[in-house]
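Reviewing the structure listed below.
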Amino acid sequence: MTSRRKFILNTITLTSAAALTKAALPSEKISSKIEKLSRRKNKITKPIVISTWNFGIPANEAAWKILSSNGRCLDAVEKGVNVIEADPKINTVGYGGLPDRDGYVTLDSCIMDEFGNAGSVAFLQDIVHASSVARKIMEKTPHVMIVGSGALEFALANGFKKVNLLTNESKEQWEKWLKQNNYTPMKIDEHNHDTIGMLALDSSGNIAGVCTTSGIAFKMHGRVADSAIIGAGLFSDNNVGAAAATGLGESVIKIAGSHTVVEQMRLGKSPKEACVAAVERIAEMQKNYKDFQVGFIALNKDGEVGAYAIQKGFQYAVYADGENKLTDSDYLIKG
Ligand code: GLY
C-alpha cells in the first residue's frame, strides 16, 4: 500500500474512532457526574444493602447490623452472605450446595472493597465460607484469584476448617439426577435460585460487593462461572456504584455483565436502566436467551438501587431506612 493511501486510511480510521468515542462517551457529562460523586464521598450517607433472591432477606439482616452501627461496607457484605453460605437448607450456596455431576460440591466467589481491591476463589472444595476466603486472598496475597487445591491449601493455612459440604439432602438429589442422567441444567426461578450477590453502601458513603455460589447444579467437574470472575458476577467502583449477577454464569461472562452495568451507570444511567442495558445486550448477542435466566442488581453512589432480569421470577431484597423488603424484579420477556 502506498504511504498516501495508508495515510488516508489511518486518517479515516482515527476520525471514525474519534466520532464513535464522542457519541458513546459524552465526556462533559461523565466528568461532571464523577465530580459530583466524589464531592459526596466524605458525606455522611444513609446506608443501604441490596441482595439477590429471597435469601437476601436474612443476609441483609446480618449486613444491616453492621451498616446501622456505622460499620464498613466490606464487613457488611461478607457477614451478610456468610449466613447463606452456612445454611444447609439453601442448596445453591456453600454448605448444602448441590454437587457437580461427579458428586463434588465446588464453590465460586468474588469480592471487591471500596478501594478497588478484588479477591476471588474458584473451584473451592470443603470450605463453607468461600466469600471469606476470597476476602483473605484480596487482603493477604499479591493475587486476585486462587483456584482449586491451591485455594483449599490457602484457606487451611489461614485458619478455615475443612468441612464436607455435601449434605444427605443434596446427595439424594444428585443420586436422583444421576438416574435420569439427561444433563439438563436446572431451571432458575424464585423456587430454585443460585448465586447470592450483595452490594452495600455504608454511612461513610463507600461501596463494596460480593457474590458466592455452588454454581449450577450437576455442572461438569471443574466448571467455573461468573461468580468467581471480577467484572462478570460482580463489579464495584467506589466512584460510581456496584453490580452483581445471578443466573446462567456462562451468559454473564460473555458480556462481562456486572462491569457492563457499572459502566452504564458511569455514563449516567440509573441502576435499573443500567441493568436493562446489560440484559438487552445478552438478548442482542445470545440467540438462545429465552432458554435461560440472568438477573442483575445494581446500586449507585447516591444510594439508588435497581434490578432487571431476562425472565419473570427474579427477586431481590433491599434493606434501607430500617426496612428489609423483597421485591419482584422487572424483566424482559413479557408474554
Ligand atoms: N451464576 C452462577 C453460576 O452460573 O454458577
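Just a few scattered comments:
- Any hit, region 261-277, residues being near the ligand (Cβ under 10 Å from one of its atoms), in contact (Cβ under 8 Å) with a residue 12 or more places away in the chain and either β-branched (Val, Ile, Thr) or outside any strand (DSSP E or B) (or both): no
- All strands (runs of 3 or more DSSP E) inside region 91-161 with 2 or more residues being open to solvent by 40 Å² or more (accessible area, probe 1.4 Å), on the phi < 0 side of the Ramachandran plot and of a type in the set (A, V, I, L, M, F, W, C): 145-147
- Options GLY257, GLY241: the member that is within 14 Å of the ligand (Cβ to nearest atom) and not aliphatic (A, V, I, L, M): GLY257
- Of all residues making up region 224-236, the number that are more than 10 Å from the ligand (Cβ to nearest atom) and open to solvent by less than 30 Å² (accessible area, probe 1.4 Å): 3
- Filter result for the condition that a residue is touching a Lys or Arg at 6+ places or on another chain (Cβ under 8 Å), under 17 Å from GLY56 (Cβ atoms), surrounded by 24 or more Cβ atoms within 10 Å (Cβ to Cβ) and not polar (S, T, N, Q), over ALA200, ALA245, ALA208: ALA208
Table: residues versus (1) over 16 Å from the mean Cα position of the chain (by Cα); (2) within 22 Å of ALA134 (Cβ to Cβ).
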position	(1), (2)
ILE216	no, yes
GLY222	yes, yes
SER227	no, yes
GLY231	no, yes
GLY241	no, yes
GLU284	yes, no
GLN315	no, no
ASP321	yes, no
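- Residue identified as modelled with pLDDT under 95 and surrounded by fewer than 22 Cβ atoms within 10 Å (Cβ to Cβ) among LYS290, LYS269, LYS254: LYS290
- When residues of region 206-223 are limited to those that are away from the ligand (no atom under 12 Å from the Cβ) and touching a helix residue (DSSP H, G or I) at 6+ places or on another chain (Cβ under 9 Å), the one farthest from TRP174 (Cα to Cα): ASN206
The values are calculated or read from the model by the stated rules, or taken from the named source; none is laboratory data. Keep in mind that what you see is a predicted model, and the values were worked out from it rather than measured. No Cβ is skipped: glycine too gets one built from the backbone with ideal geometry, and neighbour counts run over all protein chains shown. These area figures cover heavy atoms from the full protein model, side chains too; ligands, DNA and RNA do not enter into them. Shrake-Rupley method; radii C 1.70, N 1.55, O 1.52, S 1.80 Å.
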